[in-house]
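First up is the structure itself, then whatever we jot down about it.
The values are calculated or read from the model by the stated rules, or taken from the named source; none is laboratory data. Worth saying up front: this structure is predicted, and the values here are computed from it rather than measured. FYI the Cβ positions are ideal-geometry reconstructions off the backbone, even for glycines, and counts take in every protein chain you see.
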Amino acid sequence: MLRVHFTAEDVARTALCADADPLWEVLLSGFRMRERSMPLSFRPWLNAVTADADRSAAVRRGSRALRTLAPMGPYFPDFLTPAAARLGLDQGLEALLSTPRRDLRTQLRRLDRWRRLPDWAWPLAEGDPGVLDRLASALRGYHDAVVAPHRDLVGRSVAADHAHRLAALTEHGLTGLFDSMRPLLCWRPPVLEIAYAVDRELHLDGRGLRLVPSYFCHRVPVALADASLPPTLVYPIGMQFRWHQARRAAPSRSLEALLGTTRCAVLETIANGASTSRIAGRLDTSVSSVSRHAAVLRDAGLIASHRRDQSVVHSLTPLGAALLDGN
């Protein structure tokens, strides 16, 4: 659990960013590409990335760097996501290249305690200009291959989420803003509680909190590891905004092509409400197969499931109904 402690001054200084941060999107998209079970809402993006052979070398090079320096786990170095990146990719990479040697050494040694670093990474810890340049080049190439081609989709999705959060903030203050982000977090004034991989206490001490929306963040918000840095919380945009904008970006794409034949059939069968066993009977498939597809649809926010006696009954969410209606 991450507990963020606010003072009255912190409430006044909390800021809601309107745009995604390019280096955070680089890092978080790397996480998405490595997930064993790809969230359904990211599959059109992943399919587009892997289908572009001309960009494969840049994707591989950047992915190797991200796997090493930002592994799946409880820690990755903060120098990969400098605050200056909020001004743009160029400014962010310039700040990364200017990271003090002491910070590089401290953060990479901490990472090595969690996951053994390869030999090539240790010159980076000493601020080797050549290694830093190669890292920045790899991250830029990865961004250009993986994130930049989808900047319109990402931008529209983030803008839709920001409008929703801003309305909640305007009408109901900070409580309304945080309530709009449930169940990602829970606001118990003066403490913001967030489900987290490690147990942490973050005292803002009058610095406020910078809230950064992210297209590629998934399930839980992410904070900087170093509490002395400007407090930042990167949060996943609402699933409904990601899906809605994806539909706008490809209105001619059929729902079956987006979800796959079986999963599309499961969603359509759920339209009027149905149990797992009934869906399996209608589609002439196994209960375990339906359960797997239902879990993916539920994770995508398209269906809701609840237990009734000995059965699990599924129903469409408003988002799922809208997706079917727009097919």
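Values computed for the structure shown
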item	result
Residue satisfying condition, being under 12 Å from Asp10 (Cα atoms) and surrounded by 15 or more Cβ atoms within 10 Å (Cβ to Cβ), within set Leu211, Leu204, Leu177, Leu185	Leu204
Test: Arg247 is among the charged types (D, E, K, R) and either under 25 Å from Pro183 (Cα atoms) or modelled with pLDDT under 85 (or both)	yes
Flag if Val212 is β-branched (Val, Ile, Thr) and in contact with an Asp or Glu (Cβ under 6 Å, 6 or more places away or on another chain)	yes
Scan of segment 255-270 for residues that are surrounded by 18 or more Cβ atoms within 10 Å (Cβ to Cβ) and β-branched (Val, Ile, Thr), ordered by number	Val266, Thr269, Ile270
Counted residues, segment 280-302 - those being among the β-branched types (Val, Ile, Thr) and at pLDDT below 90	1
Residue in segment 112-134 that is touching a helix residue (DSSP H, G or I) at 6+ places or on another chain (Cβ under 9 Å) and within 28 Å of Ala195 (Cβ to Cβ) present	yes
Selection within segment 168-200 - charged (D, E, K, R) and either over 27 Å from Arg32 (Cα atoms) or over 22 Å from the mean Cα position of the chain (by Cα) (or both)	Glu171, Arg188
Enumerated helices (runs of 4 or more DSSP H) restricted to segment 1-108, each holding at least 3 residues that are more than 27 Å from Gly238 (Cβ to Cβ)	56-69, 89-97
Ser37 under 28 Å from Ala295 (Cα atoms), of a type in the set (Gly, Ala, Ser) and within 13 Å of the chain's Cα centre (by Cα)	no
Some residue of segment 138-158 being over 25 Å from Arg13 (Cβ atoms), part of a loop (DSSP other than H, G, I, E, B), assigned by TED's automatic domain parsing to the domain that holds Arg34 and small (Gly, Ala, Ser)	no
Qualifying residue in segment 214-236 (condition: at negative phi, acidic (Asp, Glu) and assigned by TED's automatic domain parsing to the domain that holds Trp114)	yes
Residue count for segment 109-123, restricted to those that are assigned to a helix (DSSP H, G or I) and aliphatic (A, V, I, L, M)	2
Qualifying residues in segment 9-68 (those that are among the basic types (Lys, Arg) and either more than 19 Å from Val220 (Cβ to Cβ) or without any contact (Cβ under 8 Å) to a residue 12 or more places away in the chain (or both)) - the one surrounded by the fewest Cβ atoms within 10 Å (Cβ to Cβ)	Arg36
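Each row is one residue, and each column tells you yes or no for (1) closer than 20 Å to Ala225 by Cβ; (2) of a type in the set (D, E, K, R).
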| residue | (1), (2) |
| --- | --- |
| Ala15 | no, no |
| Pro71 | yes, no |
| Ala95 | yes, no |
| Arg101 | yes, yes |
